[in-house]
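K.L.:
Got a structure for you, questions after.
The values are calculated or read from the model by the stated rules, or taken from the named source; none is laboratory data. This structure is a prediction, so every number in the text was calculated from the model and none was measured. No Cβ is skipped: glycine too gets one built from the backbone with ideal geometry, and neighbour counts run over all protein chains shown. Heavy atoms of the whole protein, side chains included, go into the accessibility calculation; ligands, DNA and RNA do not. Shrake-Rupley method; radii C 1.70, N 1.55, O 1.52, S 1.80 Å.
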Amino acid sequence: MQALTHSGPGDGRQPRPARLEGSDWWRGAVGYEVYVRSFQDTDGDGVGDLAGVTQRLPYLAELGVDVVWLTPFFSSPGFDHGYDVSDYVGVDPLLGTLDDWDHLAATAKQLGLRLFVDIVPNHTSSHHEWFRQAVADPTGPFRDYYVWADPAADGGPPNNWVSHFGGPAWSMDPGGSGQYYCHLFLPEQPDLNWANPAVMDEFAAIMRFWCDRGADGFRIDVAHGLTKDPALRDNPVLREVHAGMHPMEVFASFQHIHDLHRHETAVLFQQWRTAVADLDAVLVGEMDTRDVDRFAEYVKDRNALHAAFVLQVGLSDWDPEATITTMLEYQAKSNGGTAWEVSNHDQARAVSRYGGGEVGLRRTLALTTLMGAFDGMLFLYQGEELGLPDAVVLGHMEDPMSARNGAGMWSRDVARGPMPWSTDPEKGFTTAPIAWLHTEALPAAFTADHQTDAAHSTWQRYQQLTLLRKRHPMLWQAPFELLEQGPTHLVVGRGSLRVVANLGTEPVAVPAAHVGTVLFESADHSVRVDGAHVWISPECTVVAATATTDAG
Ligand code: GLC
């Protein structure tokens, strides 16, 4: 029997490995989503800003991430906190200036970090100049930038499409033409008409603008929604909608075949990829679908999106059996075009969704580690590295989805609380008495101040996890081999590396040859040697080098 060894602790003190290079660099990358409004405030107004992100970039570099995805910081009236853009090449004065962006981009470069800008192409703000012009002049060139339709025979909306945020997906033209315009989100977020080639030209120019100023790629908001059925047919109804339902439930009561997830959108991304080919930018789409074949259409031929977020796996409740099956299906069909995550700014935090407290954290880490062994990018959401649970919101709801639909509705605010940097207000998120989103203070043990230096902290474990792919490139470069699969456990081979995930509630025994040197374990004491087998503790994932080879 081989001796079981662990790679040394204190990895955080080793120098940061070199930046990933080559055209496929993103395949080995770990990304980090910064929800800008809640990351770091530097001007004392209670709202995070670009200068705050710059100030904290060294923290992200030390954590070991490769890519920083910034939520929208463009000019916006803020009805959906930046996802309603009124100028795609201007910075929201609440969040800073273009100079602040330039400084941020220069600092990121010095630190070896890449930047993803969150582009919002499905809709603009109703305050955008294009929409103002479209309303002011129904015969002018901007009218066709948006999706307009005459009323149904009864004078009501043209079809049964609903908005994600409640109510119909149609509102009356404020200009008095008698037509409706389409909005899959708020009425203040009119949908763009991607059947109009001028819209593509506009976005290619916007992307060029940000790439010229240091962006390395884009997170593409609502990528699955861009094209709409030209005949505007009704979506099939899956179940009766009744008053008092959460807007998300109402939305899920329809089969979204005519307003979302259309084959034409995948084709559109092929054209888009060609239009921006010279920018060398990585395109990662938000892809809210449970249909893996549909998902794969965008990525499998490597000619449309580089990757798409797998929302289905990361954002479900804890269900190891279903998770393993689904992850393997994405892995098999997507040709490496996956971007994995367990949380983002639109969902409850993973720790809370997976059972809360130590249990939730243990599960989150076990699953995130497994995701890191699959093809594609791995994304963390701000605060995940501190093991944050959902925030307790003290003030009023800010999320328009809940705020506009009545008290007591589940709100995305739970994931958007300010970063707990420190218990010292001067070193914390803001010096303002109350942050833009007022949440209950977390215990000191959750703060970055406390965790970055504390041995065995959650932060340190995430740091080790984040750096694994760079220290052992085989983890993403060697072919993915499924060596063993049980209902709730997996053994994945990557060259001479092994990733053993036990997401079940009982220990699992695997051949000892798999686990020579333990390179990473998602929880302490995950591995016990027993003759020809090693036992992996429940809800743990271990990354190891086999007994006979070096850790490549
Ligand atoms: C995406 C964003 C979400 C936003 C919506 C509308 O789903 O992640 O925060 O509200 O698009 O832009």
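K.L.:
How about the range 149-250: which trypsin sites (Lys or Arg not before Pro) there are in a DSSP loop, with at most 12 other Cβ atoms within 10 Å of their Cβ?
P.N.:
Arg239
K.L.:
So if each residue of separation counts as 0.36 nm, and I subtract the Cα-Cα distance between Glu264 and Asp154, what length gain in nm does that give?
P.N.:
Working it through step by step, the gained length comes to 36.6 nm.
K.L.:
Another question about this same structure. Using the Karplus equation 6.51 cos²θ - 1.76 cosθ + 1.60 (θ = phi - 60°), what ³J(HN,Hα) coupling, rounded to whole Hz, does each residue of the range 126-140 give in order, writing x for Gly and Pro?
P.N.:
After applying 6.51 cos²θ - 1.76 cosθ + 1.60, I find 5, 8, 5, 4, 4, 6, 4, 5, 4, 6, 5, 9, x, 9, x Hz.
K.L.:
Under 8 Å for C-alpha pairs, at least 6 residues apart: give me the relative contact order for the range 388-485, rounded to a whole percent. Mind dumping the intermediate values first?
P.N.:
Details: 90 pairs, mean separation 21.5, N = 98.
The value is 22 percent.
K.L.:
Same structure again: Seen from all sides and averaged, what is the projected area of the convex hull of the Cα atoms in the range 375-519, in nm²?
P.N.:
So the mean shadow area of the Cα hull is 12.3 nm².
K.L.:
Can you list residues whose amide H is under 5 Å from Cys182's amide H, if they're 5+ apart or on another chain and H is modeled 1.01 Å from N?
P.N.:
Val147, Asp191
K.L.:
With all protein chains present, how much of the accessible area of the range 144-201 (probe radius 1.4 Å) comes from carbon and sulfur, to the nearest whole percent?
P.N.:
Carbon with sulfur: 54 percent of the solvent-accessible area.
K.L.:
Roughly what would the spin-label model give for Ala204 and Val237, points 7 Å off Cα along C-beta, in nm?
P.N.:
4.3 nm
K.L.:
Taking only protein heavy atoms and a 1.4 Å probe, what accessible area per residue, in Å², does the chain have with all protein chains in place?
P.N.:
Details: 20230 Å² over 552 residues.
The answer is 37 Å² per residue.
K.L.:
Next up: Ignoring any ligand, DNA or RNA, what whole percent of the accessible area of the range 420-529 comes from carbon and sulfur when the probe is 1.4 angstrom?
P.N.:
On the way: 2510 of 4600 Å².
Taking all protein chains in place, the range 420-529 shows 55 percent carbon and sulfur surface.
K.L.:
In percent, how large is the relative contact order of the range 13-160, given Cα pairs closer than 8 Å and 6 or more residues apart?
P.N.:
19 percent
K.L.:
Looking only at the range 364-407, which residues have a backbone nitrogen under 13 Å from a spot 7 Å from the Cα of Ala454 in the C-beta direction?
P.N.:
Answer for the range 364-407: 386-388.
K.L.:
Using a 1.4 angstrom probe on heavy atoms only, work out the carbon and sulfur share of the accessible area of the range 215-285 in %.
P.N.:
On the way: 1610 of 3000 Å².
C and S fraction of accessible area: 54 percent.
K.L.:
Here is a further query. Rank these by accessible area, largest first, 1.4 Å probe: Asp118, Asp212.
P.N.:
Asp212, Asp118
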